[in-house]
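Working notes, beginning with the structure itself.
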Amino acid sequence: MVAGNTVTPTASVKILLAGNERLEAGVGVGPVDAAINAIRRAISGVADVRLDEYHVDAVTGGTNALVEVWVTMAMADRKITARGAGADIIMASVEAVLNGINRLMRLEEEEIARCRKA
């Protein structure tokens, strides 16, 4: 993760997807946007996931506050809400997005399995 007022925010991610490790980078308007764009690049071609809503709440006070991140995500005709939490807003955001992606992909796999049985 690289961020600051004189550099373009950049993030790199390493994701295990369908048994294959994928390493990607992304840029954005801030570190959270860069991390989410890196995740999008890592899953491109496998899952077409859309982030519809992003919400952050500070659960505790202070600069080291615990944050809770809620995202609403969609893939095809499915829409879900996922959550992440932690003291690091970037990692809590990544956790929420990955939880959402994993859930959407699991629902897709279950749907495919149901169709094959029918």
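Against the chain, whose longest principal axis is taken from its Cα atoms, helix 31-43 shows a tilt of about 20°.
Helix 89-117 sits at what angle to the longest principal axis of the chain, using alpha carbons and giving 0 to 90 degrees rounded to 10? Helix 89-117 sits roughly 0 degrees off the main axis of the chain.
Helices in the chain, meaning DSSP H runs of at least 4 residues, each add -39500 (n - 2.57). Divided by all residues, the mean residue ellipticity at 222 nm is -12500 deg cm²/dmol.
Reducing the range 80-118 and the range 2-69 to their Cα centroids gives an inter-centroid distance of 14 Å.
Note on the chain: percent of Cα-Cα distances in each 10 Å bin, starting at 0 and stopping at the bin with the largest distance, equals 14, 39, 33, 11, 3, 0.
Students often get this wrong: which residues of the range 30-52 have the backbone nitrogen under 19 Å from the point 7 angstrom along Cα-to-C-beta of Glu108? Output list for this probe position: 36-52.
FYI, it's all coordinate maths here, none of it is from the lab. Just so we're clear, the structure is a prediction, and the values are computed from it rather than from any experiment. FYI the Cβ positions are ideal-geometry reconstructions off the backbone, even for glycines, and counts take in every protein chain you see.
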